[in-house]
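Asks: Below: one structure in structure tokens.
The values are calculated or read from the model by the stated rules, or taken from the named source; none is laboratory data. Bear in mind that the values here come from a model prediction, so they are computed numbers and not experimental data. Cβ placement follows ideal geometry from the backbone for every residue including glycine, while neighbour counts extend to all protein chains displayed. Surface accessibility is based on the protein's heavy atoms, side chains included, excluding ligands, DNA and RNA. Shrake-Rupley method; radii C 1.70, N 1.55, O 1.52, S 1.80 Å.
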Amino acid sequence: MCNLIEIGIHIDGKVMLDMDKSSNPHIAISGRSGAGKSVAGQKIIRNIAVNGAGSIIVFDMHRLFSDENIFPEYRNDIKEKSHDIKANSAGISIPLFSPLMYTDGNAEEMLDVITSITNVLSSAIRLGARQREYLYEAVAFVAEEKSYEKYGLASLDRALNMVNDEKAASIQDKLRYIFKKNIFHNGPNFIEDHKINILRLSKFSESTQALIVEIILAYIWRLANAGVFMENGLCLFLDECQNLNWEKTGIISTILSEGRKLGLQLVLITQALGGSSKADLTRCLLQAGNQLFFSPPENEIAMVGKLIGEKRQAYWQMRLKTLKVGECVVNGSLIINEAAYNGALKIKI
Ligand SMILES: Nc1ncnc2c1ncn2[C@@H]1O[C@H](COP(=O)(O)OP(=O)(O)OP(=O)(O)O)[C@@H](O)[C@H]1O
Ligand SMILES: [Mg+2]
């Protein structure tokens, strides 16, 4: 993992995020439309990649990492380090049904593989207990027949077809697009080391994107638990990600609270920080050890000011109101001009 990430300039000098000192290595970026969040995200990705530490996965849901949308200053470096995965046309290669090897030399039990795949899909498409049982049987069947290896995840569709029941049909309906496009197929894991692995997902609908992201994050969690990212780390980048599952039991929340020791880092970008209907999203973003607050929407200035500094709310609110495009208040374990600083600073990206 990249321990020091250069992030921007303060009037006193260059500012870096210090991942060793911060409570966790995650970064949350928020602010209104056009404030400069995606450009800051690209700078972070570029700096991690140029440092050569670990791998990165960019879940590109809105073509923000297409050539013309990458900020010119970072374009060449990002392009040079990119590994493109055109999920819509080529699918995504993942050995989903292969047991992993743990660092202690033991292999993952097949029963755990089946349970894990069942859990991910059931939670992503919100199945009830009875439907989950059907899915479990179908996943177990695919595992036994080794049909994922030949036919990809569409083999699950075939297994569900054999249960002539409306509950099975409703599961098929929820996974229809994943099956129809057969997005997941067997093969070497798509993540290339020391690369920016850009998963092109913009051609999918919002709900299919959310499903794909959950399946992949859950698979990464399995890999992480087998120690795969312990040495070099893996950074997961999600821009415009407010529509994902932020629940306490969800995979993003799990990675936020337990990812560090397994080498996982999240970079999350959203426009609004929350509001009462998005309590889960707010909780997750505030869990990140490093926060970049770009110019907030008018109705969030008071709340963000308070978050940055309870004792100096009025000061921070005033600063937030006058942030220009490309400026933000960064809060976390920082290094400014080579001296450690814990707290908030206004910087320019
Ligand atoms: N650090 C910067 N330096 C110079 N220009 C910038 C900087 N950050 C942003 N801009 C300009 O502002 C535009 C909008 O920035 P950006 O796409 O990052 O906004 P955003 O906060 O991601 O908005 P949205 O929520 O709509 O995605 C950029 O295309 C760029 O022209
Ligand atoms: Mg953006």
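Asks: When you look at ILE44, is it of a type in the set (Val, Ile, Thr), in the same structural domain as TRP221 (by TED's automatic domain parsing), touching a residue at least 40 places away in the same chain (Cβ under 8 Å) and away from ligand 1 (no atom under 14 Å from the Cβ), yes or no? Outline the logic, then answer.
Replies: Numbers: of a type in the set (Val, Ile, Thr): yes; in the same structural domain as TRP221 (by TED's automatic domain parsing): yes; touching a residue at least 40 places away in the same chain (Cβ under 8 Å): yes; away from ligand 1 (no atom under 14 Å from the Cβ): no.
Against the criterion (of a type in the set (Val, Ile, Thr), in the same structural domain as TRP221 (by TED's automatic domain parsing), touching a residue at least 40 places away in the same chain (Cβ under 8 Å) and away from ligand 1 (no atom under 14 Å from the Cβ)), ILE44 does not qualify.
Asks: Here's another thing I want to ask about it. Could you list, in sequence order, the residues of segment 288-300 that are surrounded by 18 or more Cβ atoms within 10 Å (Cβ to Cβ) and under 18 Å from GLN271 (Cα atoms)? Give the steps one after another, and end with the answer.
Replies: Kept after step one, since they are surrounded by 18 or more Cβ atoms within 10 Å (Cβ to Cβ), are these residues of segment 288-300: 288-296, 300.
Those that are surrounded by 18 or more Cβ atoms within 10 Å (Cβ to Cβ) and under 18 Å from GLN271 (Cα atoms): ALA288, ASN290, GLN291, LEU292, PHE293, PHE294, SER295, PRO296, GLU300.
Asks: Could you check segment 1-15 and list, in sequence order, the residues that are farther than 20 Å from LEU307 by Cβ and open to solvent by less than 50 Å² (accessible area, probe 1.4 Å)?
Replies: Of the residues in segment 1-15, the ones farther than 20 Å from LEU307 by Cβ are 1-6, 9, 11-14.
Passing the criteria: CYS2, ILE5, GLY13.
Asks: Could you check, for segment 60-71, whether at least one of its residues is touching a strand residue (DSSP E or B) at 6+ places or on another chain (Cβ under 6 Å) and either touching a residue at least 60 places away in the same chain (Cβ under 8 Å) or farther than 21 Å from MET230 by Cα (or both)? Before the answer, list the steps.
Replies: Of the residues in segment 60-71, the ones touching a strand residue (DSSP E or B) at 6+ places or on another chain (Cβ under 6 Å) are 60, 65.
Now restrict to residues that are either touching a residue at least 60 places away in the same chain (Cβ under 8 Å) or farther than 21 Å from MET230 by Cα (or both): 60, 65.
Yes, there is a match, as at least one residue in segment 60-71 is touching a strand residue (DSSP E or B) at 6+ places or on another chain (Cβ under 6 Å) and either touching a residue at least 60 places away in the same chain (Cβ under 8 Å) or farther than 21 Å from MET230 by Cα (or both).
Asks: I would also like to ask the following. Condition first: within 13 Å of ligand 1 (Cβ to nearest atom) and of a type in the set (A, V, I, L, M). Now tell me which residues in segment 1-33 satisfy that.
Replies: ILE7, ILE9, ILE29
Asks: Output the residues belonging to segment 286-297 that are out of contact with any helix residue (DSSP H, G or I) (no Cβ under 9 Å at 6 or more places or on another chain) and in a helix (DSSP H, G or I). Before you say what the answer is, go through the steps one by one.
Replies: Pass one, segment 286-297, residues out of contact with any helix residue (DSSP H, G or I) (no Cβ under 9 Å at 6 or more places or on another chain): 290, 297.
Passing the criteria: none in range.
Asks: Give segment 160-189 a look and list any residue that's among the hydroxyl-bearing types (Ser, Thr, Tyr) and open to solvent by 50 Å² or more (accessible area, probe 1.4 Å), or say none.
Replies: Just the residues of segment 160-189 that are among the hydroxyl-bearing types (Ser, Thr, Tyr), to begin with: 170, 177.
TYR177 - this is the single residue of segment 160-189 that is among the hydroxyl-bearing types (Ser, Thr, Tyr) and open to solvent by 50 Å² or more (accessible area, probe 1.4 Å).
Asks: Separate question: Does ASP239 qualify as being within 30 Å of LYS321 (Cα to Cα), open to solvent by 20 Å² or more (accessible area, probe 1.4 Å) and of a type in the set (Asp, Glu)? Explain how you work it out, then say what you get.
Replies: Working: within 30 Å of LYS321 (Cα to Cα): yes; open to solvent by 20 Å² or more (accessible area, probe 1.4 Å): no; of a type in the set (Asp, Glu): yes.
Spelling it out, it is not the case that ASP239 is within 30 Å of LYS321 (Cα to Cα), open to solvent by 20 Å² or more (accessible area, probe 1.4 Å) and of a type in the set (Asp, Glu).
Asks: Are there any helices (runs of 4 or more DSSP H) wholly within segment 91-161 with 2 or more residues that are within 18 Å of ASN182 (Cβ to Cβ) and at pLDDT below 95, and if so which?
Replies: 110-124
Asks: Let me ask another. Please specify each residue of segment 306-338 satisfying the condition of being over 19 Å from LYS43 (Cα atoms), open to solvent by less than 50 Å² (accessible area, probe 1.4 Å) and either at pLDDT 95 or above or aromatic (Phe, Trp, Tyr) (or both).
Replies: Answer for segment 306-338, where residues must be over 19 Å from LYS43 (Cα atoms), open to solvent by less than 50 Å² (accessible area, probe 1.4 Å) and either at pLDDT 95 or above or aromatic (Phe, Trp, Tyr) (or both): TRP316, GLN317, LEU320.
Asks: Output the residues belonging to segment 325-349 that are of a type outside the set (A, V, I, L, M), within 16 Å of ligand 2 (Cβ to nearest atom) and part of a loop (DSSP other than H, G, I, E, B). Let's see the steps before the verdict.
Replies: Taking segment 325-349 first, the residues of a type outside the set (A, V, I, L, M) are 326-328, 331-333, 337-338, 341-343, 346, 348.
After this cut, where a residue has to be within 16 Å of ligand 2 (Cβ to nearest atom) as well, the list is 326-328.
The one that is of a type outside the set (A, V, I, L, M), within 16 Å of ligand 2 (Cβ to nearest atom) and part of a loop (DSSP other than H, G, I, E, B): GLY326.
Asks: Quick check: is even one residue across segment 134-146 touching a strand residue (DSSP E or B) at 6+ places or on another chain (Cβ under 9 Å) and touching a residue at least 24 places away in the same chain (Cβ under 8 Å)?
Replies: Taking segment 134-146 and keeping what is touching a strand residue (DSSP E or B) at 6+ places or on another chain (Cβ under 9 Å), we get none.
No, because not a single residue in segment 134-146 is touching a strand residue (DSSP E or B) at 6+ places or on another chain (Cβ under 9 Å) and touching a residue at least 24 places away in the same chain (Cβ under 8 Å).
Asks: If you don't mind, another one. Of a type outside the set (Phe, Trp, Tyr), open to solvent by less than 10 Å² (accessible area, probe 1.4 Å), at pLDDT 95 or above and near ligand 1 (Cβ under 8 Å from one of its atoms), is that true of GLY36?
Replies: Numbers: of a type outside the set (Phe, Trp, Tyr): yes; open to solvent by less than 10 Å² (accessible area, probe 1.4 Å): no; at pLDDT 95 or above: yes; near ligand 1 (Cβ under 8 Å from one of its atoms): yes.
No; evaluated as a whole, the condition is false for this residue.
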